[in-house]
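Trainee: Next up is a structure, given as structure tokens.
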Amino acid sequence: MNRKHRSAIFALAAAGTLWGLNVPLTKLALGWLAPGWLTVVRFTVAAPVLAVVGRRGLREALAADVLASGAMGFGAVIVLQNAGIEHTSVSHAAVVLGAVPVLVALIAAGLGQTTTRPLTWAGYGVALIGIALVAGAGGGGATAHGDLLVLTSVVLSATFVAIQPRLLEGRDAAAVTAVQFAGGALVAVPVATLTEGLPHAPGAGTPVMALVALALAGTPVPFWLFAFGQALVPAELAGAFLNLEPVVGAAAGWLALGEPATVWQIVGVGAVLAGVAMSTAPPKPPDAPEPVVRRLADKLLTLRP
């Protein structure tokens, strides 16, 4: 494993972990802002932060396809995800998001971008079993309507992850992500204005602190790390690390928000972790070919009278 590959793996693992922590932060921030306005604020604050970081690559990143991908992959996805989290439990929302890696691999295979190994598919299967165990065991405040909204965001998110490598080719990851944040905000503003009205003043300090954490750290850092890692590895490998999000998100829901946890949910978390390990295991190196001299010598020996 070379240095670039190790850097990509580290960035992807960190992004998946941070996204998991975003689920309970989002739940807290929704105590003040509605889903649409929460998305607007997150991207409006995060876009300039990453634009400064990737300022040298902004010229190449300012393209219609990059902006459109942000409108779908960030704007629509996060609005739907926030609306789903508002109507379901943190644990359920986190584990439904675990379906993204399988969908990414299926879409990438359908586009002919990669051939996924049997061990990788087996890892996805084990992770899905774990997700089913966690979701099936219940969770405080979970509803089918909320789960369906999160699932819709998952389908759009998987499509975005599958096409993102092409958008990142020859471009700075921070600059691309900043432009995509702008596209996401442009989609979220009219949705928030038409469906939610103007936001009201905060009634408590906790939602405000959660929003600040989301906007300044929970949004720019993991999205940038994931884009950086995804530019260096295949889409299905990058997608596998998204399974860290439901594990961290569910654990945060249990520990920080007091949501109920059962033995089967804990077993499910273990299955998800095992599935991630299987999906991201490096392929076995091919057997080294015999030296040419050795093969020639063996052939000569067989020809001797």
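Trainee: Normalised by the residues of the stretch 160-278, what does the relative contact order come to in percent, with Cα pairs under 8 Å and at least six apart?
Mentor: Relative contact order comes out at 35 percent.
Trainee: Just how many % of Cα pairs in the chain lie over 28 Å apart, if you round to the nearest whole percent?
Mentor: That fraction is 39 percent.
Trainee: Still on this structure, I have one more. Distances longer than 28 Å among the Cα atoms of the stretch 1-134: what percent of all pairs is that?
Mentor: Tail of the P(r) past 28 Å holds 30 percent of the pairs.
Trainee: Here is a further query. Considering only ALA240, GLY70, ALA261, whose Cα is most displaced toward the positive end of the charge dipole of the chain, charges sitting on Cβ of Lys, Arg (+1) and Asp, Glu (-1)?
Mentor: So the residue furthest toward the plus end is ALA240.
Trainee: Further question: With axes computed from alpha carbons, what is the tilt in degrees of helix 292-303 against the longest principal axis of the chain, rounded to the nearest 10 within 0 to 90?
Mentor: Here the helix axis deviates by roughly 40 degrees.
Trainee: At a probe radius of 1.4 Å, what is the per-residue accessible area of MET209, in Å² to the nearest 10?
Mentor: Surface open to solvent at MET209 totals about 130 Å².
Trainee: Taking all pairs of different Cα atoms in the stretch 125-242, averaging 1/r and flipping that mean, what Kirkwood radius in angstroms comes out?
Mentor: 17.2 Å is the Kirkwood radius here.
Trainee: Given Cα pairs under 8 Å that are at least 6 residues apart, what percent is the relative contact order of the chain?
Mentor: Relative contact order here is 39 percent.
Trainee: Which angle from 0 to 90°, rounded to the nearest 10, does the C-alpha axis of helix 244-256 make with the longest principal axis of the chain?
Mentor: Rounded to the nearest ten degrees, it is 40.
Trainee: Which distance in nm do the two modelled labels at ALA277 and HIS145 give, with both placed 7 Å along the Cα-to-Cβ direction?
Mentor: About 4.1 nm separates the two model spin labels.
Trainee: So, for the chain, what is the accessible surface per residue at a probe of 1.4 Å, expressed in square angstrom?
Mentor: 46
Trainee: Per the Cauchy relation, a quarter of the hull surface: what is the mean projected area of the convex hull of the alpha carbons in the stretch 2-56, in nm²?
Mentor: That works out to 5.0 nm².
Trainee: Going by average Cβ density within 10 Å per residue, which order do the peptides 16-24, 4-12 take, highest to lowest?
Mentor: 16-24, 4-12
Trainee: Right, another one. Would you work out if the stretch 26-72 is rounded, prolate or oblate? Take a ≥ b ≥ c from the square roots of the eigenvalues of the alpha-carbon gyration tensor; rounded if a/c is under 1.5, else prolate when a/b is larger than b/c, oblate otherwise.
Mentor: oblate
Trainee: Determine the calculated [θ] at 222 nm for the chain from helices alone, applying -39500 (n - 2.57) to every DSSP H run no shorter than 4 residues and normalising by the residue count; nearest 500 deg cm²/dmol.
Mentor: Per the formula, -23500 deg cm²/dmol.
Trainee: How many Å³ per residue does the convex hull of the Cα positions in the stretch 225-284 occupy?
Mentor: 82
The values are calculated or read from the model by the stated rules, or taken from the named source; none is laboratory data. The shown structure was predicted, so the numbers you read here are calculated from the model rather than taken from an experiment. Using ideal geometry, Cβ is built from the backbone for each residue, glycine included, and neighbour counts are taken over all protein chains shown. Surface accessibility is based on the protein's heavy atoms, side chains included, excluding ligands, DNA and RNA. Shrake-Rupley method; radii C 1.70, N 1.55, O 1.52, S 1.80 Å.
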